[in-house]
Amino acid sequence: MLNDAKSARPGSRRGVSLRAVALGVICCLAIAAGEPYGVLMMQSSPMAADYSTGAALFLFFLLTLLINPLARGITGSSLRPGELATVYIMMIIGAAIPSWGLSMNLIPLLGGFLYYATPENDWAALILPYLEPALVLSDGDAVQKLFEGRAKGEPIPWGDWIGPLFYWSLFILTTYFVTLCLLVVLRRQWVDRERLTFPLATLPLQMSAETEGRLLPPFLRNYLTWVGFSIPAVIGSINALHRYYNYIPWIDLNVVVPILRRSVWLNLKPHFEVIGLSYLLNLDVSLGIWLFAMLNVIAIGVLRMVGLTIGPEQPYSSPSPPSLAHIALGALFFLVFSNFWSSRQHLRDVVLKAFGRAPDLDDSDELLSYRVAVFGFLIGFVAGIVWLVFAGMNLATALLFQLSALVIFVGLSRIISQAGLAYCRAPVAPAVFTVNTLGSSFVGPSGIATLALNFPWSADIRTFVMASAATGLKLAEVTRLEYRRLFWAIVIAIVVTMVGSAWTVIYLGYTHGGINLASWQFGHMTRYTGNWITHNVNNPAPVELWHLSFAGVGAGLMALLTFVKNRFVGFPIHPIGLAVGLPHPVQLIWPSIFVAWLLKAIILKYGGPLLYTRLRPFFLGLVLGAFGTAGIWLIIDLCTGMTGNRLISIS
């Protein structure tokens, strides 16, 4: 009855309109083309590389500040809050694909092993024979022109790309569908029972609120919003102008402090978008994140000073040594499994509903019916295993890799939903965990090469569709969108962005030469991945018991901290920080989380909840100012031809 009443309220199913979806498609195409061009060609701010989805925020800023009010003033009609939410959801889904989420990393890798093969690295014998030909670009001329550019007037060899892109699209779309099915199953547990805060949904909700008969929503009329906006805007604009006029001084916010005999360095640079988002967190969550990050830094310094290590640094776990990285991974695994255990009754009801044995359970307010979600997950999971075996893995490797990737996706999605981290990454990549667990000798050269081919969507996990979709479903709940129609809007956003971003990256490579673009995707990334393959092929090893032992230690510590948190009311440290670990992004942002924690603690102590609420527009303005300024200068630089203006960067 309650769900029926909610769905019958005025405006509850008016958001996913044709015009909203059409505008969402346009914005997704802008992100699909703009992000690769901005990063690869202009070497500008990466706006769609992380969970913060800066590209979506910037376009939404233009939509709510300029386009929507202008349409209302001229025509008397404008997008309603539900329609604005639909557009934003499509944009954040799209923003998870063109950059570090998939396309910019995948396209160069499909030809990179052949291009960078030399007699010295012997990749022709160690890597190329173990790559499934259907999944990579095998024509040497097409590969060379992707990296060095084509002659003027020469056509792009699109025909060589049809096969690899088709097979990869099948797998990636299946993986996205499986994660959406998982999200449908877990959404009610996260939203209704655990009441996660979804900090990344707060700013777009404020920007799309009812205008109360005015041109702008209350948030954009609040002077504190613009005070917060002005801080990163002024600093960023001065630094951007420095690129044009070198007599304008550069404001360097980097404050690097060496500690522990210079074995580690603390970078205290303030990241305004992180400060603004972290202000929204519960104090125990923000304390847990920065405290465990700081302890991790100290532990790294101590280990370096005494020279203690259990092996070389793992790919995409830097700067954490493998011991600390696997402690964080164990904590992440425990977080996921304990979450499933606490929701076991809900999961049981979902399964019963899927088999038609719980007719009273209402799933009308879900993205998919529980039957579609459960059977879709099972079929998609099996299909993914079949694809991985076809690609070159043995069955055990494919099963463990697929399962560990999904567990990490669920864990990170929950962390982002609770902690709103603008920048984060898995402490250990699923492919690396798979090799450590089974042993490189068991995985074999073909399996190792195939695992490496899957790095673009599973290793450098700075953003992915499931995490963005979780935020999107929170927006859909608040704005009362019609979920089943929203599902198809999400599918359209995924397909449009995948096609648009792949086309853009390929076009830029053949037009300008990949080696002339940003150095990571078309250069260092392929060599980094290839070196990992050759190291494991040349040095076959059994199960890495030390690595797995530290993962067990992490799970045990997480269990202890979770018990203490649940047993003692008011315990000030949330254990979620242990699961985040200290991969590259968190290494740079934890001091900003500390600043936000300290400011919020002082505000709540001396001003109470009322002052906290009044100052919230200021902190959200910091977020909007950081991404808004980066987006504005990206457009200015595009018009003037300036390159290298990176106002948002965690490198």
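The values are calculated or read from the model by the stated rules, or taken from the named source; none is laboratory data. Predicted model, so just to flag it, every value in this text is computed and none were measured. Positions of Cβ are generated from backbone atoms using ideal geometry, with glycine treated the same way; all protein chains shown enter the neighbour counts. The accessibility values were calculated without ligands, DNA or RNA, using every heavy atom of the protein model including side chains. Shrake-Rupley method; radii C 1.70, N 1.55, O 1.52, S 1.80 Å.
Taking trypsin sites (Lys or Arg not before Pro) in DSSP loop states with no more than 14 other Cβ atoms inside 10 Å as exposed sites, the chain has its longest site-free stretch at 358-651. Based on protein heavy atoms only, segment 259-365 ends up with 44 Å² per residue of surface accessible to a 1.4 Å probe. Run the paramagnetic zone check for residue 269: 7 angstrom along Cα to Cβ, then residues of segment 632-651 with backbone nitrogen under 12 Å. Once the point is set 7 Å along Cα→Cβ of residue 269, 646-651 turn out to lie under 12 Å by backbone N, inside segment 632-651. Computed from the coordinates I sent, log10 I(q)/I(0) by the Debye sum over Cα atoms at q = 0.07, 0.08, 0.12 Å⁻¹ equals one of (1) -0.68, -0.85, -1.37; (2) -0.52, -0.66, -1.25; (3) -0.43, -0.58, -1.42. Tell me the label. Matching the structure shown: (3).
Across the options 611, 488, 337, the greatest Cα extent toward the positive end of the charge dipole of the chain (unit charges at beta carbon of Lys, Arg, Asp, Glu) belongs to 611. What you get for the chain, charging only the Cβ of Lys and Arg (+1) and of Asp and Glu (-1), is a dipole of about 1780 debye around the Cα centre.
Be a star and scan segment 139-157 for residues whose amide nitrogen sits under 11 Å from the point 7 Å along the Cα-to-Cβ vector of residue 516. Taking a point 7 Å out along Cα→Cβ of residue 516, the residues of segment 139-157 whose backbone N falls under 11 Å are 148-152.
Of the residues 181, 165, 144, the one whose Cα sits farthest towards the positive end of the charge dipole of segment 135-186 is 181 (charges of +1 on Lys and Arg Cβ, -1 on Asp and Glu Cβ, taken about the Cα centre). Heavy-atom accessible surface of segment 564-606, averaged per residue, reaches 45 Å², computed with a 1.4 Å probe. Modelled spin labels at residue 298 and residue 598, positioned 7 Å past Cα toward Cβ, are 1.6 nm from each other.
Give me the aspartates and glutamates in straight-line cross-link reach of residue 600: C-alpha distance below 16 Å, same-chain residues under 8 apart excluded. Correct list for residue 600: 273, 284. Let me make sure I get this right: for segment 320-390, a, b and c are the square roots of the gyration tensor eigenvalues over alpha carbons, sorted descending. Under 1.5 in a/c it's rounded, otherwise prolate if a/b > b/c, else oblate. Which is it? Judged from the Cα gyration tensor, segment 320-390 comes out oblate (a/c at least 1.5, b/c at or above a/b). Classify segment 92-156: rounded, prolate or oblate, from the alpha-carbon gyration tensor (a ≥ b ≥ c, eigenvalue square roots; a/c under 1.5 rounded; otherwise prolate if a/b is larger than b/c)? Oblate shape, in that a/c is at least 1.5 and b/c is the bigger or equal ratio. Using heavy atoms of the protein chains and a probe of 1.4 Å, the accessible area assigned to residue 61 is about 10 Å². Of all segments of the chain bounded by GluC sites (Glu not before Pro) found in a DSSP loop with no more than 11 other C-beta atoms within 10 Å, the longest spans 213-651. Close amide H pairs (under 5 Å, H built 1.01 Å from N) link residue 648 with 45, residues at least 5 positions away or on another chain. Dipole check for segment 347-480: with +1 at the C-beta of Lys and Arg, -1 at the C-beta of Asp and Glu, and the Cα centre as origin, the magnitude is about 200 Debye.
Work out the FRET efficiency for residue 614 and residue 210 from their Cβ-Cβ distance, taking R0 = 25 Å, and round it to the nearest 0.05.
Values: r = 20 Å, r/R0 = 0.80.
According to the calculation, E is roughly 0.80.
Neighbours of residue 405 by Cβ distance under 14 Å: Lys/Arg scored +1, Asp/Glu scored -1, total 0.
May I ask for the equivalent-ellipsoid semi-axes of segment 550-651, computed as the square root of five times each C-alpha gyration tensor eigenvalue and listed largest first in whole Å? Each step should come with its number before you reach the end.
Working: eigenvalues 256, 111, 14 Å².
Ellipsoid semi-axes (Å, largest first): 36, 24, 8.
Taking the Cβ of residue 189 as the centre, find all other residues whose Cβ is under 11 Å away and add up their charges (Lys, Arg: +1; Asp, Glu: -1). Don't skip to the end; give the middle numbers.
Details: positive: 187, 188, 193, 195, 344, 414; negative: 192, 194, 349.
The answer is +3.
Counting only protein heavy atoms and using a 1.4 Å probe, what share of the accessible area of segment 465-599 belongs to carbon plus sulfur, as a whole percent? Working shown, then result.
Details: 3720 of 5350 Å².
Looking at segment 465-599 in its full context, I get 70 percent from C and S.
Using the Cβ of residue 334 as centre and a radius below 14 Å, the other residues enclosed give a net charge of +2, where K and R count +1 and D and E count -1. For residue 395 paired with residue 134, estimate the spin-label separation in nm (one decimal), with each label point 7 Å from Cα along the Cα-to-Cβ line. Calculated label separation equals 1.9 nm. For segment 1-154, the spherically averaged projection of the C-alpha convex hull amounts to 15.4 nm². Extension gain for residue 524 to residue 372 (0.36 nm times residue separation, less C-alpha to C-alpha distance): 50.6 nm.
What's the magnitude of the charge dipole for segment 348-426 around its Cα centre, counting Lys and Arg as +1 and Asp and Glu as -1 at the beta-carbon? Answer in Debye, nearest 20. Don't skip to the end; give the middle numbers.
Values: 6 positive and 6 negative charges, 66 e Å.
So the dipole magnitude of segment 348-426 works out to roughly 320 debye.
Helix by helix through the chain, keep the DSSP H runs that span 27 Å or more along the axis on Cα and average at least -1.0 on Kyte-Doolittle, and give those back in order.
Span-like helices in the chain: 18-36, 159-188, 223-244, 283-306, 322-342, 370-391, 395-419, 483-512, 545-567, 584-640.
Along the Cα-to-Cβ line of residue 355, 7 Å from the Cα, sits a label point; which residues in segment 370-384 have backbone N less than 20 Å from it? Residues passing the 20 Å test: 370-382.
Amide H contacts of residue 266: 257, 259, each under 5 Å away and 5 or more positions distant or on a separate chain (H built 1.01 Å from N in the peptide plane; Pro and chain starts excluded).
Over segment 452-544, the fraction of Cα-Cα pairs per 10 Å bin, rounded to whole percents and listed from the shortest bin up, is 12, 29, 28, 20, 11, 1. Solvent-accessible area per residue in segment 92-222 equals 38 Å², computed with a 1.4 angstrom probe and all protein chains kept. Each part reduced to its alpha carbon centroid, segment 434-454 and segment 305-329 end up 19 Å apart. With every protein chain in place and a 1.4 angstrom probe, the accessible-area ranking of 190, 158, largest first, reads 158, 190. Taking a ≥ b ≥ c as the square roots of the eigenvalues of the Cα gyration tensor, segment 459-616 is classed as oblate, since a/c reaches at least 1.5 and a/b does not exceed b/c. Helical runs (DSSP H, four residues minimum) scored at -39500 (n - 2.57) apiece and divided by the length of the chain put the mean residue ellipticity at 222 nm at -21500 deg cm²/dmol. Remark: accessible surface ordering of 122, 365, 360 (largest first) is 360, 122, 365, probe radius 1.4 Å. With a 1.4 Å probe rolled over the protein heavy atoms of all chains, the accessible area of 139, 349, 363 falls in the order 139, 349, 363, largest first.
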